[in-house]
Amino acid sequence: MRLLFVTLSFLLFVGCTKIVEKVNIIEVNATTKISDMVLKIPIALQDKGYKNLKTQVIKSRDEYNKFIKDVKKEKGWEHKKNFLEMLKGANIDFDNENLIIYPFSEDKSVIVVVVDAPISKDNHIIVKIGKDKTKKLSNIIEYYALSYKVKKSAKDIIFDDGENKVTVENR
């Protein structure tokens with residue numbers, strides 16, 4: 001009987017306790033949607049080998065084969081095998097799609113914390129990159145890269161880190 005009384009008292013106490021939860025409401029523009037014109041290729045976000053790359057749009061199988069051949073020759077990669085396998089696994093149809101490679105670097109005081117799902121508006125693709133800035137630690141540079149399979153119909157892809165916007169023409 002005591003156990004029943006204790007249990008009921010506990011449930012009454014928990015049931016009457018007010019729980020307050022803060023909810024952040026995100027405003028969504030009706031013309032903005034997660035894009036079906038782009039697919040993120042899941043390469044490692046950070047790699048020392050990315051210092052060898054430049055921002056580029058690869059539009060043909062020949063350009064792609066040359067790019068892969070050049071990467072295979074490069075030294076200093078940590079995840080080169082993964083990078084090459086992910087690009088190969090993306091099965092890019094160069095008749096309808098391009099490959100966009102976007103490398104960037106940050107000093108050690110910046111940590112890239114999130115890359116949002118690409119959204120599109122009027123055939124422009126926007127990728128937001130979230131960063132966490134701490135105090136200056138050193139002059140060490142970290143190398144990052146993003147890769148996307150993009151429909152040829154997209155005009156461009158804009159990489160926005162909150163401070164800078166880099167527009168890569170998809171033509």
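The values are calculated or read from the model by the stated rules, or taken from the named source; none is laboratory data. Here the structure is a predicted model, which means the values were calculated and not measured. So basically every Cβ, Gly included, is an ideal-geometry build from the backbone, and we count neighbours across all protein chains shown.
Taking the listed residues T32, T17, the one that is closer than 19 Å to A117 by Cβ, modelled with pLDDT under 60 and of a type in the set (S, T, N, Q) is T32, with no other qualifying. Among the residues of the stretch 53-68, those that are surrounded by 16 or more Cβ atoms within 10 Å (Cβ to Cβ) and either more than 17 Å from V150 (Cβ to Cβ) or aliphatic (A, V, I, L, M) (or both) comprise L53, V57, I58. For the stretch 126-151, a residue qualifies if it is in contact (Cβ under 8 Å) with a residue 60 or more places away in the chain and of a type in the set (D, E, K, R), and the qualifying residues are E142, K149, K151. Counting only residues that are loosely packed, with under 15 Cβ neighbours inside 10 Å and touching a helix residue (DSSP H, G or I) at 6+ places or on another chain (Cβ under 9 Å), which one in the stretch 69-91 is nearest to Y148 (Cα to Cα)? By that ranking, first place goes to K88. Would you mind stating whether V168 is in contact with a Leu (Cβ under 8 Å, 6 or more places away or on another chain) and either surrounded by 14 or more Cβ atoms within 10 Å (Cβ to Cβ) or modelled with pLDDT under 90 (or both)? No: the conditions fail for V168.
Checking N98, N123 one by one, the residue that is crowded, with 17+ Cβ neighbours inside 10 Å and in contact (Cβ under 8 Å) with a residue 60 or more places away in the chain is N98 and no other. Every listed requirement among (1) closer than 21 Å to F83 by Cβ; (2) surrounded by fewer than 19 Cβ atoms within 10 Å (Cβ to Cβ) is met by E142 save one, (2).
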